[in-house]
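Colleague: One structure is given below, represented as structure tokens, and several questions about it will come after.
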Amino acid sequence: MHGDDVVLILDDTTTEVNPDALAAALHSPRREAWSPVTITMQEGPSFESLHLWLASQPRPFGTLVVDRERAAGLVDPQDRFFCPTLLTADSFAYLAMRKLDDTTWQFGVHGFGPDADTLTADMLDLITVWEHDHRHHPGPTITVHPTGTHPPTPDGPQLLVTRRHATTAVTWPAPGNPR
């Protein structure tokens, strides 16, 4: 999207985006919104399942990889190597964090493009659901199914990763129904 400084990676071959429109979106005004969800240094890495939760949603998804030095002032994702990103053909929104004080960080979203407001609101909702229904619970069930078989139909969100010999299913409990 901006040379090697800002790269969007798509693993799903069905996700369709307009690379020129996404590059143009990067230079549009940034939408910024902050969730009520925070993390403290004492908690340690208690948000490891958030990335998987965001990737498990039934919507266009990618990961942003950023050279922080060369992209300074343009983007500031939560993770420079693998930052969850929601997409439309011409817009994107990625997970962000900001430091509130010496020990507390807050999750938020930065969005770009014509659909930035919608994508930003969607990701904020997903962060809030993760906090309420999944953060302090066991997390998803991960199962592997040989080619030709199908995982059971889930009550909650499910990510299917299909490969030649098997499909891996990452299945989350239905909202309000943690295991």
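Colleague: All but one of (1) in a strand (DSSP E or B); (2) at pLDDT below 90 hold for PRO152, so report the exception by its number.
Modeller: With (1) in a strand (DSSP E or B); (2) at pLDDT below 90 applied to PRO152, the lone miss is (1).
Colleague: Same structure, new question: Pick from segment 25-63 the residues that are among the polar types (S, T, N, Q) and farther than 24 Å from THR15 by Cα: which of them is modelled with the lowest pLDDT?
Modeller: As a first pass, look at segment 25-63 and keep what is among the polar types (S, T, N, Q): 28, 35, 38, 40, 42, 46, 49, 56-57, 63.
Then keep just the ones that are farther than 24 Å from THR15 by Cα; that gives 35, 38, 40, 42, 46.
Working: SER35: 96, THR38: 93, THR40: 87, GLN42: 75, SER46: 69.
Here the residue is SER46.
Colleague: Anything in segment 141-170 that is under 30 Å from TRP105 (Cα atoms) and open to solvent by 30 Å² or more (accessible area, probe 1.4 Å)? List them, or say none. Don't jump to the end; show me each part of the working.
Modeller: Filtering segment 141-170 down to residues under 30 Å from TRP105 (Cα atoms) leaves 141-142, 156-159, 170.
Those that are under 30 Å from TRP105 (Cα atoms) and open to solvent by 30 Å² or more (accessible area, probe 1.4 Å): THR141, ILE142, GLN158, LEU159.
Colleague: Tell me the strands (runs of 3 or more DSSP E) entirely within segment 78-143 that contain at least 1 residues that are more than 20 Å from VAL7 (Cβ to Cβ). Break it down stepwise before answering.
Modeller: Values: elements: 83-87, 92-99, 104-112.
Strands (runs of 3 or more DSSP E) meeting the threshold: 92-99, 104-112.
Colleague: Then there is this: Quick one: THR118 ticks every box in (1) touching a Phe, Trp or Tyr at 6+ places or on another chain (Cβ under 8 Å); (2) more than 16 Å from SER49 (Cβ to Cβ); (3) free of Cβ contacts under 8 Å to residues at least 40 places away in the same chain except a single one, so which number is it?
Modeller: THR118 satisfies every listed condition except (1).
Colleague: Out of all the residues in segment 98-119, which are of a type outside the set (Asp, Glu) and open to solvent by 60 Å² or more (accessible area, probe 1.4 Å)? Explain how you work it out, then say what you get.
Modeller: In the first step, residues of segment 98-119 are kept if they are of a type outside the set (Asp, Glu); the result is 98-100, 103-114, 116, 118-119.
Scanning segment 98-119 gives ARG98, LYS99, LEU100, TRP105, PRO114, THR118.
Colleague: Let me ask something else. Are any residues in segment 104-131 closer than 15 Å to VAL37 by Cα and either modelled with pLDDT under 90 or hydrophobic (A, V, I, L, M, F, W, C) (or both), and if so, which ones?
Modeller: Listed by number, the residues that qualify are TRP105, PHE107, VAL109, ALA121, MET123, LEU124, LEU126, ILE127, VAL129, TRP130.
The values are calculated or read from the model by the stated rules, or taken from the named source; none is laboratory data. Note that this is a predicted model, so its numbers are computed, not measured. Please note: Cβ atoms are built from the backbone with ideal geometry, for glycine as well, and neighbour counts cover all protein chains shown. To get the accessible areas, we keep the full protein, side chains included, count just its heavy atoms, and leave off ligands, DNA and RNA. Shrake-Rupley method; radii C 1.70, N 1.55, O 1.52, S 1.80 Å.
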